[in-house]
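The values are calculated or read from the model by the stated rules, or taken from the named source; none is laboratory data. Remember, predicted model here, so these are calculated numbers, not experimental data. As a convention, Cβ positions derive from the backbone with ideal geometry for all residues, glycine included, and neighbour counts pool all protein chains shown. Accessible surface is based on the protein model in full, side chains and every heavy atom, while ligands, DNA and RNA are left aside. Shrake-Rupley method; radii C 1.70, N 1.55, O 1.52, S 1.80 Å.
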Amino acid sequence: MSHETQVILDRVVLVKVEANIYGARKKLKKEDLVLADGSKLPPEDLASLGSKRLLDPDKLTVFNRLKKEAERICLRVGTRFLGGFAVPVESAASITAELERIGLDFAAAKTEFIAGYDAAVTDWVVRHPEFAGIIEQAVDSVEFVSTRLSFDFLVVSVGLPESLPPADVARLDSKIGSLSEQMFYEISVEANQLIEQSLLGKEQVTRNALRPIRRMRDKLDGLGFLDHRVAPVVSTIDDLLARIPNKGAIEGSILQEILATAMLLSDPDKTRRHGEGLLTAQPPVVDDEVIEHAETEPPTVATTVIAETVSDSHDFSDLFDGIFDDEIEPESVSEDWALEVLLDKSQTDVAMEADESIQPDVQSDRVAVTAEGDDDEEAEHSDQDYWF
């Protein structure tokens, strides 16, 4: 097992939600149908008859709602994994508390349903009197139905025995490696829902539109250890949220930035590449030892190099070249505009960071850039390892 895999497994727990819901259906039989003279049913290898309902499906809606709520709670901070949800260890306690609440609600709904089961079946028969016979002969007992309604959950740690063959270890490594892909996909689903339901075609929105943005931000932040490109994306969202007014409707340029951010998050590939681009754009860190050595260099040379550095810091025209090229079509005006909004914002932030890093009273910093210019250029364009 790779070191990266072990570190991720140490930081997550697997939450398994088990919700069994009675279907109130039985297979439809040939004898259940009344055919007109001369009519003929197709053979079973060609078509199946389907199923028949034994009671009003609305009676079971509460159980399906509670099951989906449990899944949403897990997905709020975790991502799907091995038939359950990989959740950060620090979030396990809060998730457990909410699942326990759902378990109590499920049990109360089950008690109410079982108490009214016979009445529900009778009501269904009354509503379909011409098919009363095929309903009554398929009705399940209350005792059987009770065994088909249950809710439970399990929280466990995931690991592998040391004696497993290398093929099994590689299989787990592959599953762990796909966690970040699954996380970005789930974020894209929620971002698309936000765009379609709350942002498209709107000149202003209420502050309720910020809830999905904050939810996606928190999920990315909690699972940031899955992918080194997550951190700069979270910072982008934090910067956006910090500039939103505390009161009133959201409109104008800030609404356009929210739409642009949602459009970025709705595409997993562009989200990853945007994070990668922001990491690459970060200014290199000058080593302290290099600074001490560089103090002996002539200051006149440093002045020329610093002038070039300041000039270059304001030209970001090629900073994100190639990041969004392969999937952005020329006619996609709305998507191009959205990405340009984010890129302009990120370039401005990088320029400000570069200006702040040059202090007029630190002569050694300027000389250090001259002494180690090649290394800094290589570091600026290298892929840094931000995994762990």
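Screening the candidates 106, 131 for the property of being surrounded by 18 or more Cβ atoms within 10 Å (Cβ to Cβ) and either part of a helix (DSSP H, G or I) or touching a His at 6+ places or on another chain (Cβ under 6 Å) (or both) yields one hit, 106. Being of a type in the set (Phe, Trp, Tyr), at pLDDT 95 or above and touching a Phe, Trp or Tyr at 6+ places or on another chain (Cβ under 8 Å) is a description that does not apply to residue 153. Does residue 228 count as in a loop (DSSP other than H, G, I, E, B), open to solvent by less than 50 Å² (accessible area, probe 1.4 Å) and under 28 Å from residue 87 (Cα atoms)? So residue 228 passes the test.
Being open to solvent by 30 Å² or more (accessible area, probe 1.4 Å) and part of a strand (DSSP E or B) is a property that does not hold for residue 101. When region 194-225 is limited to residues that are free of Cβ contacts under 8 Å to residues at least 60 places away in the same chain and outside any helix (DSSP H, G or I), the one that is least open to solvent (accessible area, probe 1.4 Å) turns out to be 205. Do we find that residue 159 is loosely packed, with under 12 Cβ neighbours inside 10 Å, within 21 Å of residue 80 (Cα to Cα) and over 22 Å from the mean Cα position of the chain (by Cα) in this structure? Judged against the criteria, residue 159 is a match. Pairs are defined by a Cβ separation below 7 Å, a sequence spacing of at least 6 or placement on different chains, a first member in region 176-193 that is closer than 12 Å to residue 78 by Cβ, and a second member that is surrounded by fewer than 19 Cβ atoms within 10 Å (Cβ to Cβ); the pairs so defined are 182/80; 186/75.
The set of residues in region 192-207 being of a type outside the set (A, V, I, L, M) and touching a strand residue (DSSP E or B) at 6+ places or on another chain (Cβ under 7 Å) consists of 198, 203, 204, 207. Among 167, 119, which is exposed (fewer than 12 other Cβ atoms within 10 Å of the Cβ), under 36 Å from the mean Cα position of the chain (by Cα) and assigned to a helix (DSSP H, G or I)? Selected residue: 167, the only one of 167, 119 that is exposed (fewer than 12 other Cβ atoms within 10 Å of the Cβ), under 36 Å from the mean Cα position of the chain (by Cα) and assigned to a helix (DSSP H, G or I).
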